[in-house]
Amino acid sequence: MTHKRRLEQVNELLREEIASLLILENTDPVLAAMTVTEVRVTPDLSFARVFVMIRRGAAGEVSEAESPAGLQHAAEKVQKLLGGRIHIKRTPRLRFEVDDTAERAERIEQLLNEVRDDWDHA
């Protein structure tokens, strides 16, 4: 039970520190477009999946941050900065992934509204 709690604490520590770095490193447009939603570290603390939401431009265009190269760039840059900020035995290797939960929820809501409209008009 304590191992699970320790992983949760490390997840939260990493989420807070990475989010802070994204704010502080706002001169990089790729990092500035990201918001950390969740971090999941492996039990051996060697890897961490960092889920980020990407802020889109006014026209809703896809940004460089959403590309595999943009995500890799962000992971590498944050990895370098993170090592000196956290005090754990091993800094996990980061892998950034786009969190599309909000978009999927919006799409489901849209579909449900369409079904309701069809039901009301039947």
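The values are calculated or read from the model by the stated rules, or taken from the named source; none is laboratory data. Treat the numbers as computed from the prediction; the structure is a model and nothing was measured. Counting neighbours? That spans all protein chains shown, and the Cβs are built from the backbone with ideal geometry, glycine included.
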- Query: If you check GLU64 against the conditions, is it surrounded by 10 or more Cβ atoms within 10 Å (Cβ to Cβ), acidic (Asp, Glu) and at pLDDT 85 or above?
  - Reply: no
- Task: Filter the stretch 14-33 down to residues that are part of a helix (DSSP H, G or I) and over 14 Å from the mean Cα position of the chain (by Cα) and give me whichever is nearest to LEU45 (Cα to Cα).
- Result: LEU24
- Filtered residues of the stretch 1-44 (kept if within 15 Å of THR91 (Cβ to Cβ), exposed (fewer than 14 other Cβ atoms within 10 Å of the Cβ) and touching a helix residue (DSSP H, G or I) at 6+ places or on another chain (Cβ under 9 Å)): THR42
- When the stretch 92-122 is examined, which residues are found to be closer than 24 Å to ALA33 by Cα and part of a loop (DSSP other than H, G, I, E, B)? PRO92, ASP99, ASP100
- Task: Please tell me if ARG40 is under 15 Å from the mean Cα position of the chain (by Cα) and modelled with pLDDT of 90 or more.
- Result: yes
